[in-house]
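Step one of this worksheet: look at the structure below.
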Amino acid sequence: MPGIHRTRIHALFTIPLAIGLLGAAALPAGAATSPSPRTAKSLTCRGAGVDPAARVRHRAEILINAPLRTVWKLQTDVEGWPSWQAPVTTAERLDRGPLRRGSAFRWTTPVPPNPTPATSLEITSTVEQLAYRSCIRWTGPAAGEGLHIDGIHVWNFTETPGGVRVSTEETHTGPQVDADVPTATAILRQGLEAWLSDLKVTAEPRPAPATAQCSTVQCSLPGRSLGVGPTPDVRFDAAA
């Protein structure tokens, strides 16, 4: 029946299909921005961009207050992705050495219960273009039982006075995503913004926590000595 078929199609697109389609915890307001489609030109790397014919596409960017070398290392250390991106369960380089043109990597992400038999997706990506600390473009399929997506992903890295502007654009094609373009595009947007947010949080230096400053007879916190004024007289034996 048409109504049941439409419900199943919609349910299919409310599940994570790949890292580009993965939703995440709520992002801070303004964590990532989406340039206006009227003014933003498609991103490229060494002259190559996303699929111009793809109906599912999204572009986003974020400012990261960290050195370019730090941001680049995090993004190109593929096997380290699971340590800072929860949706990436495994990541394996299929070649050795620094990420470069021709490098390939295989990574996986779980798929929650859905109308297809798929329980996980395996993505095999190949770097087609790369300019050191400037841009990356990779392509590849995401495959699961009953699911298939072909993706093209472009990343640009631009130094700014305060750090790095990271811009990313991705397109998806495939029978499942093409069946419901608005929903697939919305999920793609959530996934890209989550990736940028995770990259920002991981790359930016964290404020050092307040530490106790102790002598042999008294322990105090910066700006407040324990045992002075109205605070309790707390003392610590340095030998304890």
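Annotations for the structure displayed:
- Restriction of the chymotrypsin sites (Phe, Trp or Tyr not before Pro) in the range 108-184 to DSSP coil positions whose beta-carbon has at most 14 other beta-carbons within 10 angstrom yields 132.
- With a cut-off of 13 Å between beta carbons, the residues surrounding residue 153 carry a summed charge of -2, where Lys and Arg count +1 and Asp and Glu -1.
- What a 1.4 Å probe finds exposed on the range 56-98 is 52% carbon and sulfur by accessible area, rounded to a whole percent.
- Charge tally for residue 95 (other residues, Cβ to Cβ under 12 Å; Lys, Arg +1; Asp, Glu -1): +3.
- For residue 56, net neighbour charge (Lys/Arg +1, Asp/Glu -1) across residues whose Cβ lies under 15 Å away: -2
- Rounded to the nearest 10 Å², the accessible area of residue 95 at probe 1.4 Å: 40
The values are calculated or read from the model by the stated rules, or taken from the named source; none is laboratory data. All values reported here derive from a predicted model rather than from experimental measurement. Because the Cβ atoms are built from the backbone with ideal geometry, glycine has one as well, and the counts that use them run over all protein chains shown. Quick note on the areas: whole protein, heavy atoms, side chains included, nothing else; ligands and nucleic acids left out. Shrake-Rupley method; radii C 1.70, N 1.55, O 1.52, S 1.80 Å.
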